[in-house]
Amino acid sequence: MTLSFRARLTLRLLLAFGVVLTLAMAAVYAGTRAFLYRDLDAQLRTLAATELASAVDEPGDGVHLHEFSIPGTQEFADKFVQLVREDGTVLMQSPLLGTVPAILPRAVLAQALAGVSPTMDVSVLGRRGRMIGLMTAGPERYVVAVGLFADQLESTLRTLAWLLAGVWAASLAATAVAGFTIASSVLAPVRRITERAAAIADGQFDARLDAPGSEDEIGRMTALLNRMLDRLRGAIDANRRFAADASHELRGPLTAILGEVDVTLKRERDGTEYRRVLAEVGQRIRQMGDLTEDLMLLVRAQERRTPPMAEVSLAVVMRESIESVAGLAAERSITISSELTPSLVAYADAGLLRRVFDNLLRNAVQYNRDGGAVRVSGRLESQPGEWASDAAVIHVEDTGPGIPEAERERVFERFRRLDASRSRRTGGTGLGLAIAREIVELFGGRVQVLPGVQTGTVFEVRLPGGRAADVTSAV
Ligand code: ADP
């Protein structure tokens, strides 16, 4: 049978506390016993000294005993005395002893006669006691052996033992109850997590674990598990969207290609016509390739697999992006100017950042008027708060028709185009801004269309950034 974790925890607590408690009580008992016996010995020595003095206090009269017997009282009953000769025979003794021979053994009597005054445990008339032997000084030497019964002390110790045993049992019972209660309350969050995890395992991917609201081990574990679930959810969603988007968006060009091919094959055509159709088919396939690539990029960004981040010179990445659209801009006499200082850096991944700038610049050129202008600028903005890193703020401005206020956020949605026919003509996939936003957010940044711009459009990208310490190596 396997015990529950709660039961095992309680048992271990009980065992540990039981051992500590037993040791503590044994120490209390032993300490008290030693203390009481030491006290008894002190009494015994005092009594024995008095007894010795009184045994020889009448010169010429020899030795004698001072025995009082008060009928009906126990007052002196605890004391017993023997006067023993050097040869070990009893000269006189307390009446209560009757005719018992010398209680102290010979060796101890010898020690007493040598002036050592030994004390020892004795058993007299079936009762335990302590006894001391003192030597009389005089022509004839005797041993005055004085004893005290330890009944009272032993009975006190017995009471103490019972008391300790009672406290021991009650403490252990209380520990068992407290241990079980504590184990239950400690394990309550774990039980809740298990129940919720079971629901999630059954397919409720939206469910999350209740945060205990504390920054302890359980709180951190819950937060981590929730983060893991968020990422799993993100990955599942991204894949689901990818499948839906891909099948939806690829169906259009595929149908067009098939239609074109079917019409062309209906009758014999000349070489020029075949070439024209093949060129069109090739163009559509290229578009499909772009779309698939964009969708894959979007999925990866949505899965939030954080790429390795480095200090990236914005001027360098922007220059590459500008070069990639330079041909397109020249065709329509659009001028592109960049005012990015080489020292301005962002903490990001250069390759992914390039995709963001490519998209923004291509849009700025594509949705511009002929002979228009594109202006790129950047600055470093310090953030309030000691721990927030500074923000690199990049603006991409154009002189195109602008984006209506109501569409400022919606252009970042997947496949959102303001003017479908115009955008189709420009060959965009409608995913550029969605990808840009996913990537920028991946680096903890933000991208938006600035509000209140009168002519043209200004895209603002904010990224955690700073100034490169070594400008020449950054450029
Ligand atoms: P597309 O592939 O169509 O360019 P995007 O996601 O890059 O897709 O852009 C979404 C839509 O936002 C575009 O179709 C266009 O209508 C609009 N848009 C983007 N950039 C600009 C801009 N600089 N000026 C005006 N409209 C823009």
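The values are calculated or read from the model by the stated rules, or taken from the named source; none is laboratory data. Keep in mind the model is a prediction, meaning the values are calculated, not measured. As a convention, Cβ positions derive from the backbone with ideal geometry for all residues, glycine included, and neighbour counts pool all protein chains shown. Ligands, DNA and RNA are stripped out before the accessible areas are found, and what is left, the full protein with its side chains, is counted by its heavy atoms. Shrake-Rupley method; radii C 1.70, N 1.55, O 1.52, S 1.80 Å.
Taking the Cα centre of the chain as origin and assigning +1 to Lys and Arg Cβ atoms and -1 to Asp and Glu Cβ atoms, the resulting dipole is close to 1900 debye.
Which FRET efficiency value, to the nearest 0.05, do you get for L224 and S389 by plugging their Cβ-Cβ distance into 1/(1 + (r/R0)^6) with R0 = 22 Å? In this case the efficiency is close to 0.40.
Applying the Karplus relation 6.51 cos²θ - 1.76 cosθ + 1.60 with θ = phi - 60° to the stretch 326-333 yields 3J(HN,Hα) values of 4, x, 4, 5, 4, 3, 10, 6 Hz, where x marks Gly and Pro. Carbon and sulfur: what percent of the chain's accessible surface (1.4 Å probe)? That fraction is 59 percent.
A simple rule links phi to the HN-Hα coupling: the Karplus curve 6.51 cos²θ - 1.76 cosθ + 1.60 with θ = phi - 60°, which for the stretch 258-263 gives 4, x, 4, 5, 4, 4 Hz, with x for Gly and Pro.
Estimate the FRET efficiency between T455 and D206 by the formula 1/(1 + (r/R0)^6), using the beta-carbon distance for r and 41 Å for R0, to the nearest 0.05. FRET efficiency, T455 to D206: 0.40. For the stretch 172-254, the set of chymotrypsin sites (Phe, Trp or Tyr not before Pro) satisfying both a DSSP loop assignment and a count of at most 15 other C-beta atoms within 10 Å is given as F205. Relative to the longest principal axis of the Cα atoms of the chain, the long axis of helix 5-55 lies at roughly 20 degrees. Of the GluC sites (Glu not before Pro) in the stretch 336-402, the ones in a loop by DSSP (not H, G, I, E or B) with at most 14 other beta carbons within 10 Å are E386.
Against the chain, whose longest principal axis comes from its Cα atoms, helix 432-442 is set at around 20 degrees.
A DSSP coil position with no more than 14 other Cβ atoms inside 10 Å describes the following GluC sites (Glu not before Pro) in the stretch 209-254: E215.
Taking a quarter of the surface of the Cα convex hull of the stretch 208-358 gives a mean projected area of 14.6 nm². Put a dot 7 Å past the Cα of L11, heading toward its Cβ, do the same for E409, and the two dots end up 5.8 nm apart.
Amide H contacts of M92: L83, each under 5 Å away and 5 or more positions distant or on a separate chain (H built 1.01 Å from N in the peptide plane; Pro and chain starts excluded).
For the stretch 86-98, the Karplus equation 6.51 cos²θ - 1.76 cosθ + 1.60, evaluated at θ = phi - 60°, returns couplings of 4, 7, x, 8, 7, 7, 8, 7, 4, x, 5, 7, x Hz by residue, with Gly and Pro reported as x. When the surface is traced with a 1.4 Å probe over the full set of protein chains, E293 keeps roughly 100 Å² accessible.
Provide V20, V81, V100, V28 ordered by accessible surface of protein heavy atoms (probe 1.4 Å), highest first. Each step should come with its number before you reach the end.
Values: V20 95, V81 0, V100 40, V28 70 Å².
Largest to smallest exposure gives the sequence V20, V28, V100, V81.
Tell me, how many Å apart are the Cα centres for the stretch 102-158 and for the stretch 370-384? The two parts, judged by their Cα centres, are 108 Å apart. The convex hull defined by the C-alpha atoms of the chain has an orientation-averaged projected area of 49.1 nm². Quick check: the angle from helix 151-201's long axis to the longest principal axis of the chain, C-alpha only, nearest 10 degrees? Approximately 10 degrees, to the nearest ten. Surface listing: S94, S184, S123 arranged by accessible area from highest to lowest gives S123, S184, S94, probe 1.4 Å.
For the chain, averaging the sequence separation of C-alpha pairs within contact (under 8 Å, six or more residues apart) and dividing by the residue count gives a relative contact order of 10 percent.
Mean sequence separation of contacting Cα pairs (under 8 Å, at least six apart), scaled by the length of the stretch 210-305, corresponds to a relative contact order of 42 percent. Ordering D151, D358 by accessible surface, largest first, gives D151, D358; the 1.4 Å probe counts only protein heavy atoms, with every chain in place.
Restricting to the stretch 309-467, compute how many DSSP beta bridges are antiparallel as a %, nearest 5. Beta bridges within the stretch 309-467, antiparallel portion: roughly 85 percent.
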